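Here is the structure we will look at.
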Amino acid sequence: MIEITSASNNKYKYIKSLAQKKIRQKNGEYTVEGIKSVSDALTAGKKLTGVCVSDKFFENEFFVYPDNVPLYKLPEDIFVKICDTKTPQGIMAVVKTDDMSNAMPKLMESYIYCDCVSDPGNLGTIIRTADAAGFKGVFLSEGCADAYSPKTVRASMGSFFHIDIVTDFSCEKLKACKKQGFSIFAGALDENTVDYRCVDMTVPTIIAVGNEANGVSSEVRELCRCVKIPILGKAESLNVGVAAALLMYELVRQRT
């Protein structure tokens, strides 16, 4: 166990800097907070490079710390300053980012493509629902909310560690998926849009959902069969997380 007693400590400053996306991307590491998230990361076999705990948390001695992972103990007043949550539980882990840069989908699996989904809460919800619906992975276009931000990880409720998440998945890669044999269905409107319950999702499928304000981009839409979810009231649209859930569970319904 290593004690960090000052905010000027270099390790402390580095861990705190991981709150910034550019630092996470540069170093290939991110942080997760709370007992559940740290436990989920360990259970999923993720590579941890450090565990930080507050003095108060360490005194409880109920958490089983992993072997061969540095443990840092911090005073309460500086521990809270590296946390994103308002009421931190007293434990945080630094986790290595998975290298999914060359990942391509398998025809026997199902996937969801997020086209510039900008809200980390929505993105975390989509990841969580994809995991629940048995999807293999979530593909994120450039311009999506950061998959490794604390808010995204927290909103996924642990599912973040149980499903493939591929960032910077370009439209060219999506085109390659279509050539490979995937049908791509987007929640979007065009002259040929049909009810989402009227398309065949028993075939190899990728579901695409778009940006909260602008929907699916025209470039992505050209690759898709557009489907709509009926809106019976006066709402203009559905939340993207809700729409994604309905589309994913329609696939589940058709396959069970």
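The values are calculated or read from the model by the stated rules, or taken from the named source; none is laboratory data. Everything numeric here is computed off the predicted structure, so don't read it as measured data. Glycine gets a Cβ as well: all are built from the backbone with ideal geometry, and neighbour counts include every protein chain shown. Heads up: the accessible areas ignore ligands, DNA and RNA and are worked out on the full protein's heavy atoms, side chains in. Shrake-Rupley method; radii C 1.70, N 1.55, O 1.52, S 1.80 Å.
Just wondering, is there one or more residues in segment 61-75 that are surrounded by fewer than 21 Cβ atoms within 10 Å (Cβ to Cβ), in contact with a helix residue (DSSP H, G or I) (Cβ under 6 Å, 6 or more places away or on another chain) and assigned to a strand (DSSP E or B)?
Yes - at least one qualifying residue is present in segment 61-75.
Hey, can you tell me all the residues within segment 192-246 that are in a helix (DSSP H, G or I), open to solvent by less than 30 Å² (accessible area, probe 1.4 Å) and either out of contact with any helix residue (DSSP H, G or I) (no Cβ under 9 Å at 6 or more places or on another chain) or closer than 27 Å to T256 by Cα (or both)? So that I can check it myself, show each step before the final result.
Keep residues of segment 192-246 that are in a helix (DSSP H, G or I), which gives 196-198, 218-221, 240-246.
Of the ones still in play, those that are also open to solvent by less than 30 Å² (accessible area, probe 1.4 Å) are 196, 220, 240-241, 243-245.
Within segment 192-246, Y196, V240, G241, A243, A244, A245 meet the criteria.
When you scan segment 36-78, how many residues do you find that are more than 13 Å from A93 (Cβ to Cβ) and of a type in the set (F, W, Y)?
Final tally of qualifying residues: 2.
Does segment 14-22 contain any residue that is over 30 Å from F139 (Cβ atoms) and open to solvent by less than 50 Å² (accessible area, probe 1.4 Å)?
No; the residues of segment 14-22 include none that is over 30 Å from F139 (Cβ atoms) and open to solvent by less than 50 Å² (accessible area, probe 1.4 Å).
Being closer than 21 Å to K86 by Cβ and either touching a helix residue (DSSP H, G or I) at 6+ places or on another chain (Cβ under 7 Å) or of a type in the set (D, E, K, R) (or both) is the filter here, so list the residues in segment 25-39 that pass it.
Result: Y30, T31, V32, E33, K36, S37.
Across segment 2-13, what is the number of residues that are open to solvent by less than 60 Å² (accessible area, probe 1.4 Å) and either within 13 Å of S149 (Cα to Cα) or without any contact (Cβ under 8 Å) to a residue 12 or more places away in the chain (or both)?
Within segment 2-13, the subset open to solvent by less than 60 Å² (accessible area, probe 1.4 Å) is 4, 6-7, 9, 12.
Now restrict to residues that are either within 13 Å of S149 (Cα to Cα) or without any contact (Cβ under 8 Å) to a residue 12 or more places away in the chain (or both): 9.
Selection size over segment 2-13: 1.
For a quick check of your reading of the model, give me the residue pairs whose first member lies in segment 137-158 and is under 10 Å from V32 (Cα atoms), whose second is assigned to a strand (DSSP E or B) and open to solvent by 10 Å² or more (accessible area, probe 1.4 Å), with beta-carbon atoms closer than 7 Å and at least 6 apart or on different chains.
Listed pairs, sorted by first residue: P150/T31; P150/E33.
So in segment 125-145, with the set limited to residues that are at pLDDT 95 or above and among the charged types (D, E, K, R), which one is least open to solvent (accessible area, probe 1.4 Å)?
The residue in question is D131.
Find the strands (runs of 3 or more DSSP E) located wholly in segment 104-179 whose residues include 3 or more that are closer than 23 Å to T31 by Cα, and list them. Outline the logic, then answer.
Numbers: elements: 111-114, 137-140, 164-166.
Of the strands (runs of 3 or more DSSP E) lying wholly inside segment 104-179, those with at least 3 residues that are closer than 23 Å to T31 by Cα span 137-140, 164-166.
Go through segment 222-238 and give me each residue that's among the charged types (D, E, K, R) and in contact with a Gly (Cβ under 9 Å, 6 or more places away or on another chain). Outline the logic, then answer.
Step one: list which residues in segment 222-238 are among the charged types (D, E, K, R), which gives 222, 225, 228, 234, 236.
Of everything in segment 222-238, just one residue is among the charged types (D, E, K, R) and in contact with a Gly (Cβ under 9 Å, 6 or more places away or on another chain), namely K228.
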